[in-house]
Structure formats: structure tokens, C-alpha cells
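Q: If you scroll down you'll find the structure; I have some questions about it.
The values are calculated or read from the model by the stated rules, or taken from the named source; none is laboratory data. The model shown is predicted, which means the values in this text are computed figures rather than measured ones. No Cβ is skipped: glycine too gets one built from the backbone with ideal geometry, and neighbour counts run over all protein chains shown. Protein only, heavy atoms only, side chains kept; ligands, DNA and RNA dropped before computing areas. Shrake-Rupley method; radii C 1.70, N 1.55, O 1.52, S 1.80 Å.
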Amino acid sequence: MLSREENELATKVGPGTPMGDTLRRYWMPALLRRELPEPDCTPVRLRLLGEDLVAFRDTNGDIGVLDEQCPHRLASLWLGRNEGAGLRCVYHGWKFDIHGNCVEQMNEPVEFKDKIKVKSYPAVELGDVIWVYMGPAEKKPPLPNFEYLRVSENHRGVTKVIQECNWLQALEGGIDSSHAPILHRQLKEGASAEGIQPSTPFVRGGAPTLEVDVTDYGYRYTGIRPLGDDEQYVRGYHFIMPFTQLRPQQVGRAGAPDREMVAGHHWVPLDDHNVMVWNFHYSFGSEEMSEKERTMEGSANGWPNVDQVTFRAAGNIRNNWLIDREIQKTETFTGITGINAQDRAVQESMGHIVDRTREHLGPADSAVIAMRKLVLEAARDVGEGDHPRGAHTTSYYNIRAIEKVFDANRPWRDVLLPEMYPEEAPTAG
């Protein structure tokens, strides 16, 4: 468990907080490309790390991310006119470029625009995602370069959904390997509701033994499950600082394609009580993904289960996550439709910020414990003037998450590591 002081340090993300300052040292996914589809399109409100921002694509196609309030009289720049390579406040006509520079003042007979600047953050568009860096300019890390950002558009799918709890408990739920074949299982083979089928090694295997190996980007971790007397089922994951997981595409998940794929999440804090859960999956083989696969249509994270303007899920705490007790008796372990919807339900049910002083952790929580140590370590490093772990490394660029069934006597590292690091393994430590 964490102490009360550690819990507060890890969960508070606003400006000037230790964890807020730490998270601002990494690039963060902020918007889907389709939210700013073309030059001079409608601006978008954006909330990140407790700050209210506005994003726009200017006449040149470049992206600006500014403080939402105009520095003149603090009207919302979201109301503004996106025109002529800048965003113009409709109140008095002050106009700002993507760097936050004031370039025109319509109401001033003698302009003093050179003295005015609105807070701005650099943004870059990579792999259907717009990324933002909110930290000190002199500490800016290399651009994000996950493999899913580099495959062709027809080989990946990216969605997002708001979750109503603190970022840390959403992250903890995602990297927790032992819950998945319990929370997400179907009760019978071929059940109509989404879930992991009982015949899969994920469900048939025993309780996992977890091994965590710390790396310069975060850590890799494996869940090793006995499968009968002669085999083992091993799932190899990665945690990339500060809020990203790579996981294997689940074997036996109803409707999952039978191909080489990796999936993952980013858990990006909007504020202390809300997190944007980014869901991505991609094929690193030659076969393209269908439109339905790429948009996750019909899943709990795609159309129509998540409003594609507000990015809020149909099932939430106010309607008990649409739990169906009859389905819970006959089809799935939870009666809640959708793998990630089930995750949202249990994580939101803990409250906005869980009291970790009340926990009773066990060996199956090894990955959660290791992650907490790393993010607290990162906050200490930033406080001491150092780079936080993973911010400036590029070793995660070519890693993959892999799962396999093989002989119980073979060391898992011999089998999985060549595929988890298809080019060069990162520096351990």
C-alpha cells in the first residue's frame, strides 16, 4: 500500500504539483487527428493535467494549443474565429498564432501586441494522434515513436473514452495481469456477449506468477501460467513511463482476429478526477485491418458505445454501467458489455481517488507495485532537477507485447524476448 502522503503525491496532477510537473515532462496524446480535420476548422476544447486549453489547426495546417482564456479580458478563445493563420477572440478581436503570440488587436488604436502572449504548448501530429508537450522547452524529450504510430493507417485503430476516476487507478487496473481472465471471461463457449472464451489458455491456465524486469523506459513484465502438466502460457507486456501499456492481442477474445497484433493504452490525466483512456491496436503483419476493426465498431470503446463528440461512454456510474444481471448469470462474469467497459466499472466503483492505505496487496500485484515505485521515483528525480525515467529514451520504439504457449520446461525469456525486442533489447536497470 501507499502512505497517505505518497497517495496524494501520485494522484494530484495540476500545475505546480510534483506529479503534475513530472507528467508534463513527457509527450501526451491529446486529440485524434479527425477532431481537427482541416485548416481553419472549428477549434476544440481540451483539458489536460487540470488546465483548460483550446486547440486549432490554422490556415497553414499547423496545430496550436493555447490557454483557453484570452489574456485581455479572459473570454474563451474556443468562441474564436479560426482565420488567417491565427485564432481571433470574438470579444475584442485580439488574434493569436499557434505559438501564442498576439498578432492583431482590432480594438486598440495604438497596438501593443508585441507585449502580449497567451500560454501555448507545442503540438505534433503522428499516426492519427495529435500529441502535446506541456513541460519546460529546454527539457523537451524526443518525439513519441511507438510502433503503432509508424504502421500504415490501414494497420491500426485508435479510439479514446473518458473515465471518471484518477489516472493512477485506471493505469493500475490496466497493467494488472491477474484480473483479466476473471473479470473479462465468458461463462460458456461462444457466449453472445463479448469476453474471453473458457477454452482459451488465458482462462484454463492457473494463477499467474509475475516477473518484472525494470528497463530504461519503464519495465517489461510477464504473467506465467501453468497449463496442465506439460505446458505453460506466458503473456509478455511492457509498461512505458509514465502511463502507457503494450499488451498482446488476447487469444480467444470473442471476435478477435487471428493475426499478428499488439494492443495497448495510454491513460492521460485530464485532472485529478478524470482520465482519458486511449485504446490502440495494430497489425505488424502484412494483412490490413478492416474498417470495423480499426474503429472498434460495436465494441465498448468504438461506435456507437462511446459518443464521438464528448467521448463519454453510454455505460457509466449513473446508470450502473448498464449491468445486466441476467447476462451475468448466463453469459459473462460481470454482466457488463465490453472488455474496457468492465475495467471502467470496477475502477470507477472505487471512487474518484482510491484510498490506498486500506489495500491488501499480494504477489499478483507485483506490476502495480513496481509502477508506483517508478512514478514516485520520477517525481523525486524531477524535483531534484533530473530527467524522469523514460522521458528521453528511444529504446521503446521497437518493442512488442507477445503471448505464447510452449513446453513447461523452457525458460520464457528464451522464447519471448526475441519477439518482444525484434531488433535490439533496451538497457536494463
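Q: Can you tell me which residues in the stretch 406-424 are modelled with pLDDT under 95 and over 19 Å from Gly264 (Cβ atoms)?
A: Glu424
Q: Something else now. Among residues belonging to the stretch 11-34 that are of a type in the set (A, V, I, L, M, F, W, C) and under 18 Å from Gly135 (Cβ atoms), point out the one that is most open to solvent (accessible area, probe 1.4 Å).
A: Filtering first and then ranking leaves Trp27.
Q: Identify all residues within the stretch 105-125 that are in contact with a helix residue (DSSP H, G or I) (Cβ under 7 Å, 6 or more places away or on another chain) and surrounded by fewer than 17 Cβ atoms within 10 Å (Cβ to Cβ); write none if there are none.
A: Within the stretch 105-125, Glu125 is the sole residue that qualifies.
Q: Determine, yes or no, whether Leu416 is open to solvent by less than 70 Å² (accessible area, probe 1.4 Å), more than 23 Å from Asn279 (Cβ to Cβ) and in contact (Cβ under 8 Å) with a residue 60 or more places away in the chain.
A: Taking the combined requirement at face value, the residue satisfies it.
Q: Separate question: Condition first: at pLDDT 95 or above and out of contact with any helix residue (DSSP H, G or I) (no Cβ under 7 Å at 6 or more places or on another chain). Now tell me which residues in the stretch 238-261 satisfy that.
A: Across the stretch 238-261, the qualifying residues are His238, Ile240, Thr244, Leu246, Arg247.
Q: While we're here: How many residues, within the stretch 16-58, are of a type in the set (Phe, Trp, Tyr) and outside any loop (DSSP other than H, G, I, E, B)?
A: Residues meeting the conditions: 2.
Q: Tally the residues that are over 15 Å from Val65 (Cα atoms), touching a His at 6+ places or on another chain (Cβ under 8 Å) and not in a strand (DSSP E or B), restricting the search to the stretch 85-115.
A: 4
Q: Would you check if there is a residue in the stretch 125-145 being over 14 Å from Pro29 (Cα atoms), touching a residue at least 40 places away in the same chain (Cβ under 8 Å) and polar (S, T, N, Q)?
A: Looking through the stretch 125-145, none of the residues is over 14 Å from Pro29 (Cα atoms), touching a residue at least 40 places away in the same chain (Cβ under 8 Å) and polar (S, T, N, Q).
Q: Of the numbered conditions (1) outside any strand (DSSP E or B); (2) open to solvent by less than 50 Å² (accessible area, probe 1.4 Å), Arg73 fails exactly one; give the number of that condition.
A: (2)
Residues checked against (1) open to solvent by less than 20 Å² (accessible area, probe 1.4 Å); (2) more than 19 Å from Tyr133 (Cβ to Cβ):
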position	(1), (2)
Leu36	yes, no
Asp62	no, no
Val65	yes, no
Glu83	no, yes
